[in-house]
1. Run the numbers on the chain and let me know its relative contact order in percent, using alpha-carbon pairs under 8 Å that are six or more apart.
2. Summarise the accessible area of the range 3-103 (1.4 Å probe, protein heavy atoms) by the percent that is carbon and sulfur.
3. DSSP beta bridges in the chain, what fraction antiparallel, as a percent rounded to 5?
4. Helix 304-321 sits at what angle to the longest principal axis of the chain, using alpha carbons and giving 0 to 90 degrees rounded to 10?
5. What is the set of long-range amide H partners of A52 at a cut-off below 5 Å, with H atoms built 1.01 Å from backbone N?
6. Determine which residues of the range 285-324 fall in the zone a paramagnetic label at T126 would reach in this model, i.e. backbone nitrogen under 16 Å from the point 7 Å along Cα→Cβ.
7. Tell me the label-point distance for the pair A229, A200, using the 7 Å Cα-to-Cβ offset, in nm and rounded to one decimal.
8. What is the antiparallel percent of DSSP beta bridges lying wholly in the range 200-321, to the nearest 5?
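The values are calculated or read from the model by the stated rules, or taken from the named source; none is laboratory data. All of these numbers come straight from a predicted model, not from anything done at the bench. All Cβ positions, glycine included, derive from the backbone under ideal geometry; neighbour counts span all protein chains shown. Side chains are part of the model used for accessible areas, which takes the heavy atoms of the whole protein and leaves out ligands, DNA and RNA. Shrake-Rupley method; radii C 1.70, N 1.55, O 1.52, S 1.80 Å.
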Amino acid sequence: MRAVAADLDAVCRALRGETEVALAVHDKPDPDALGAAAGMLDACGQLRVEAALHVAADQSLPLEALLLGGRRVLRTDPPAALRVYALDCGAAPRLALAAPPARVAVNIDHHHDNTGYGELNLVRGTASSTCEIVCDLFAALGLEPDIAAATALYAGISFDSGHFHHGSTSAHTFACASWLAGLGVDVTAVYGELYERRSAAALRLWARAVQGAQPAAGGRALVATVARADYAACGAGEEEAEGIVESLRAVEGVEAAAVVKEQSKGARVRVSLRSSALDVSAIAALRGGGGHRLAAGFSSDDSPEEVRAWLSSELARRLSTESS
Ligand SMILES: [Mn+2]
């Protein structure tokens with residue numbers, strides 16, 4: 001049997017010593033964050049540790065019934081006395097809470113630029129997902145997730161790995177998925193929930209964004225803008241612009257893509273960046289954002305057109321200095 005890594009072992013020992021903990025996830029949580037939370041809530045339950053996921057009132061939780069059905073979710077910040085376990089979050093200010101906690105006891109994440117803000121840090125920059133790390137935690141604890149938690153963990157791995165095609169997908173990713181499938185996860189149903197629920201309005205928005213996408217760096221990059229008028233014209237919600245950037249990145253000859261999405265509240269625009277090799281997290285970092293090398297994002301109060309122009313020149317500059 002393989003020895004348990006020191007950081008994983010430290011988190012196991014910490015968890016076994018808890019009586020009550022608060023879980024927190026990144027802002028605008030995705031299925032990986034919520035799947036990891038479902039897994040941790042189940043593990044805590046099996047260890048007789050009181051636990052709840054804390055999220056600010058304004059946060060929406062995607063696929064909440066599938067991922068968190070029946071779990072304890074509190075729409076308040078954790079009391080200061082509770083030890084906080086942060087999941088899938090690269091930096092403490094990005095937690096989906098009204099205010100970042102004064103201290104974070106345990107930080108479990110896979111973002112390569114994680115700031116190591118926990119008292120204990122279980123960070124695997126090469127893992128496909130935080131759910132994959134939570135699977136390792138279950139194994140190290142000698143526990144198995146119940147079927148609902150297994151389903152949520154599988155959904156998180158599928159989501160963050162782009163259904164097993166991103167570069168972070170490893171043999172270990174498949175081993176975790178295989179383990180979860182063996183516990184009875186309905187993989188066809190999860191796929192349907194994650195990838196086959198797009199509305200006709202979202203498809204119209206996708207078509208409009210693709211139609212208006214502008215080449216940069218001589219066609220090696222594509223940059224699209226989704227303005228508030230586009231949402232209105234298509235009858236689509238702002239969350240329905242997810243995934244457009246992946247379609248642009250997958251075009252033959254395109255090495256990097258960006259979508260600039262105008263917002264009705266908060267920052268004026270949110271930008272999603274994807275690439276096949278270029279480090280787009282470095283571009284996001286220039287504007288106070290972050291993410292992964294090949295999938296990153298940032299927010300800005302500049303106009304969509306200003307941000308698009310900046311991205312086009314930045315992508316052109318970086319792609320021209322990359323060896324092609
Ligand atoms: Mn993740």
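1. Details: 649 pairs, mean separation 40.5, N = 324.
Over the chain, the number comes to 12 percent.
2. Values: 2240 of 4240 Å².
Using a 1.4 Å probe with all protein chains present, the range 3-103 comes out at 53 percent carbon and sulfur.
3. Working: 19 of 44 bridges.
In the chain, DSSP labels about 45 percent of beta bridges as antiparallel.
4. Roughly 90 degrees, rounded to the nearest 10.
5. Correct list: V21, L23.
6. 293
7. 2.5
8. On the way: 18 of 24 bridges.
Close to 75 percent.
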